[in-house]
Amino acid sequence: MKNKIVIWFMLALGAFVQLACEELETVAINETVEANTLQALTSTDIVLEFEDSDETAATFTWTAPDFGFPAGVVYTLQMDVVGNNFANAFELAQTRNLTASVTVRTMNNGMLALGRNPFEAAGMEFRVVSVVSNNVSPVYSNNRTANVTPFATSFPSIWGMGAGLKGWGPWPDNAVEWPSQQFKKYEQIAFFTNGQAFRFFEQLDWGPTSYNYPYFTSVSTVFENANDGDSNFRVAAATGWYLVRVDLIAKTVTAEATQEPLMYMTGAGIGGWDQPGTGASIKMTYVRPGVFFATATFYGGETFRFFAQANWGPTSYNFPYFTTVNALFENANDGDSNLRYVGTTGQQTVLVDVNEKTVVVVPPLYMTGAGIGGWDQPGTGASIKMAYVAPDTYQATATFYNNEAFRFFAQANWGPTSYNYPYFTSVASDFVNANDGDSNLRYVGTTGSRTVKVNLATKVVTLN
């Protein structure tokens with residue numbers, strides 16, 4: 001009987017404790033808490049600069065809230081757009097101290113995450129959220145405001161399109177990229193044809209945004225208004241290579257004649273030590289200033305080197321010049337520190353960037369399936385290895401068979417990587433989703449020879 005009483009008492013005590021805890025969860029014991037005060041900022045105009053990324057953008061200090069009892073408080077410093085009532089608050093710092101220094105990088109990341117435009121000042125609010133327990137409602141400080149100007153961290157390209165360059169379409173095949181290293185400032189060396197027109201586009205498509213001659217307030221005399229109904233640019237200067245800079249902020253286009261950008265590979269590693277521009281040497285394809293690619297047969301254990309002209313000098317690039325080199329190449333340590341190919345003899349596509357000092361081996365892309373002749377393992381039988389024709393872009397000509405399926409593979413094997421119909425965002429109309437369990441591409445055009453081009457970056461498949 002005594003044991004039963006003890007058990008009953010323990011059960012009753014447990015129920016009382018549980019009830020007390022449940023009551024505690026619902027009681028806002030901080031209704032009379034004295035909130036903390038966020039001190040005024042030393043500057044209410046904060047201009048963030050990339051060069052200062054690791055420096056302090058602002059230091060925030062605040063007083064401790066009074067919960068009426070000793071408390072270990074966690075403080076979270078938040079930022080949001082003025083008027084947004086911290087609905088999308090970005091956390092700048094979390095600390096148990098009464099101060100926090102926020103770096104330029106952190107504040108800039110917050111500005112961009114909140115959708116603020118680079119190089120445009122925006123009104124921002126700051127506050128401190130104080131938390132002591134899940135059972136106690138947070139305490140919010142007063143708000144402080146400042147105008148903050150962020151910088152850009154990514155610089156999308158624009159694109160030139162038209163007969164003055166490579167032709168009026170199709171996209172993206174004949175688009176010429178104008179890359180950017182600064183916000184809305186672009187630079188490219190391109191080949192222009194006299195008397196022909198072109199235009200700049202913000203996207204790899206005809207719309208929605210493009211820039212014609214009248215958009216700019218200052219344009220080089222290399223170009224003129226085509227007065228063709230769309231006011232495109234017409235090439236007024238002689239046919240040739242030009243360095244063209246576009247500034248969408250200042251609305252200027254400058255141009256100056258220049259030499260064709262050149263890069264050669266030569267050496268026994270690709271067939272023989274012939275003078276660049278002759279024999280077995282290979283002229284690489286120009287992409288943008290300092291960047292070139294080429295496909296060649298590389299011979300195991302043999303050496304080669306990059307040359308910036310159709311001659312032995314003055315400029316060449318050996319292994320030590322680069323900071324990042326694909327593992328298929330090593331320092332030959334042959335007195336000239338050439339690059340030695342250590343892979344199996346065979347075809348490779350190499351992308352060299354003398355600005356970033358990198359040598360990259362481009363991964364292959366294969367097609368296989370009944371749509372092109374048979375479901376043979378990539379790299380064997382009827383499968384086709386596509387040619388690398390531009391950054392991220394592959395091309396192949398094949399006989400496509402009506403109502404049959406195929407797929408793209410990123411290696412000479414079934415896995416691990418392949419690309420089916422849903423992977424792409426834009427696919428030529430003669431290809432449809434096979435809906436065969438693997439969502440392969442099915443060819444619905446007339447059986448015959450066609451040229452397919454795949455851009456894995458833009459996820460576009462075109463067919464000619």
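Throughout, read-outs are computed from the coordinates displayed, never taken from laboratory work. Because the structure is predicted, anything quoted here is derived from the model rather than measured. Note that we place each Cβ from the backbone using ideal geometry, even for glycine, and neighbour counts take in every protein chain shown.
Would you mind calculating the gained length between A121 and L463 on full extension (0.36 nm times residue separation, minus the Cα-Cα distance), in nm to one decimal? Present the calculation step by step, with values, prior to reporting the outcome.
Values: separation 342, 0.36 × 342 = 123.12 nm, distance 4.58 nm.
Residue separation times 0.36 nm, minus the Cα-Cα distance, leaves 118.5 nm.
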Relative contact order %, the chain, counting alpha carbon pairs below 8 Å whose residues are six or more apart: 7 percent
Spin-label pair N194/A257, simplified geometry with 7 Å Cα→Cβ offset, distance in nm: 1.0 nm
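Go ahead and run the numbers for FRET between N88 and K185, Cβ-Cβ distance against an R0 of 41 Å, rounding to 0.05. Intermediate results must be reported in sequence, preceding the final value.
Numbers: r = 30 Å, r/R0 = 0.74.
Using R0 = 41 Å, I get an efficiency of 0.85.
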Regarding region 213-261, what are the three Cα extents along the principal axes, ordered largest first, in Å? 31, 25, 14
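Relative contact order for region 158-257 using alpha-carbon pairs under 8 Å, separation at least 6, rounded to a whole percent? Could the numbers behind the result be given before it?
On the way: 229 pairs, mean separation 28.3, N = 100.
After rounding, I find 28 percent.
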Please pull out the direction-averaged projected area of region 366-463, using the convex hull of its alpha-carbon atoms, in nm² to one decimal place. 5.4 nm²
Starting from the Cα-Cα distance between T221 and N331, subtract it from 0.36 nm times their residue separation and give me the gain in nm to one decimal. 34.9 nm
Using only Cα atoms and rounding to the nearest 10 degrees, what angle (0 to 90) does helix 104-113 make with the longest principal axis of the chain? 80 degrees
The helix 2-26 Cα axis meets the longest alpha-carbon principal axis of the chain at an angle in degrees, between 0 and 90 and rounded to 10, of 60 degrees
Spherically averaged projected area in nm², based on the convex hull that wraps the Cα atoms of region 45-149: 6.7 nm²
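Given 37 °C and 0.692 mPa s, compute D for the chain with the Stokes-Einstein relation, Rh being the Kirkwood radius over Cα pairs; round to the nearest whole µm²/s. Intermediate results must be reported in sequence, preceding the final value.
Details: Rh = 28.0 Å.
It diffuses with D of about 117 µm²/s by this estimate.
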Just the number, please: percent antiparallel of the DSSP beta bridges in the chain, rounded to the nearest 5. 95 percent
Helix-only CD estimate at 222 nm, as mean residue ellipticity for the chain, using -39500 (n - 2.57) per DSSP H run (n ≥ 4): -2500 deg cm²/dmol
When DSSP assigns beta bridges and you keep just the ones with both residues in region 158-257, what percent turn out antiparallel, to the nearest 5? 95 percent
